[in-house]
1. Based on DSSP, what percent of beta bridges with both residues in the chain are antiparallel, to the nearest 5?
2. For a label point 7 Å from the Cα of R69 along Cα→C-beta, name the residues of segment 6-45 whose backbone N is under 16 Å from it.
3. Net charge within 15 Å of L31 by Cβ-Cβ distance, Lys/Arg positive one each and Asp/Glu negative one each, not counting L31 itself?
4. Summing Lys, Arg as +1 and Asp, Glu as -1, what charge do residues with Cβ under 15 Å from the Cβ of P4 carry, P4 excluded?
5. Would you please name the GluC sites (Glu not before Pro) within segment 102-132 that are DSSP coil residues with at most 12 other C-beta atoms within 10 Å of their C-beta?
6. Only counting other Cβ atoms within 10 Å, I'd like S18, S123 sorted with the fewest neighbours first.
7. Got a sec to turn the phi values of segment 111-123 into Karplus ³J(HN,Hα) couplings, 6.51 cos²θ - 1.76 cosθ + 1.60 with θ = phi - 60°, whole Hz, x for Gly and Pro?
8. Restricting to Cα pairs below 8 Å that are 6+ residues apart, what does the relative contact order work out to for the chain? Please round to a whole percent.
Amino acid sequence: MNEPQRLIKTARAAGERSYSPYSRFRVGAALIAEDGTEYTGCNVENAAYGSSICAEANAITTAAAHGVRKIDTLAVVCLDGEGCTPCGNCRQLMREFGVDTVILTDEHGNPVEYGLADLLPHSFGPDSLPER
Ligand code: THU
């Protein structure tokens with residue numbers, strides 16, 4: 001099993017822990033921080049729908065809470081339906097923490113790698129603000 005396949009497998013295991021009673025759409029994410037540490041997340045929904053958290057946001061904010069400031073790679077797997085790509089809010093979260101590579105899956109569940117700039121072109125990020 002190669003590295004992208006392994007990270008997809010880790011993301012899938014995280015997705016098994018999804019709390020998604022409203023959409024019944026389970027999502028898992030797994031990331032590798034700059035120092036090689038890995039963090040995972042799943043989507044966690046809420047009866048107040050807008051308070052729900054995406055799997056990617058869960059993984060990224062968990063990593064940030066552990067002191068991570070640079071993420072190299074992030075894999076996302078949707079366990080139900082025809083696959084998915086990250087929402088706009090999660091793409092922006094990835095931008096903040098310097099994600100270089102996003103691993104999604106094709107219709108067969110095989111890893112497909114994207115650069116973040118492919119998913120979020122002409123982005124606004126930390127270096128877009130003036131020095132403070
Ligand atoms: N969701 C994610 O967690 N990540 C994605 O990339 C797409 C959507 C979640 C949000 C919500 O809990 C459910 O999937 C349906 O939108």
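1. Around 80 percent of the beta bridges assigned by DSSP in the chain are antiparallel ones.
2. Inside the label zone: 33-36.
3. -2
4. Summing Lys/Arg as +1 and Asp/Glu as -1 gives -3.
5. Qualifying residues, ordered by number: E107, E131.
6. Ranked by crowding around the Cβ, least crowded first: S123, S18.
7. The phi angles translate into x, 10, 9, 10, x, 4, 5, 5, 8, 9, x, 6, 7 Hz.
8. Relative contact order comes out at 21 percent.
The numbers here are math on the coordinates, done by the rules we state, and not lab data. None of these values were measured; they are calculated from a predicted model. Glycine also receives a Cβ, built like all others from the backbone with ideal geometry; neighbour counts cover every protein chain displayed.
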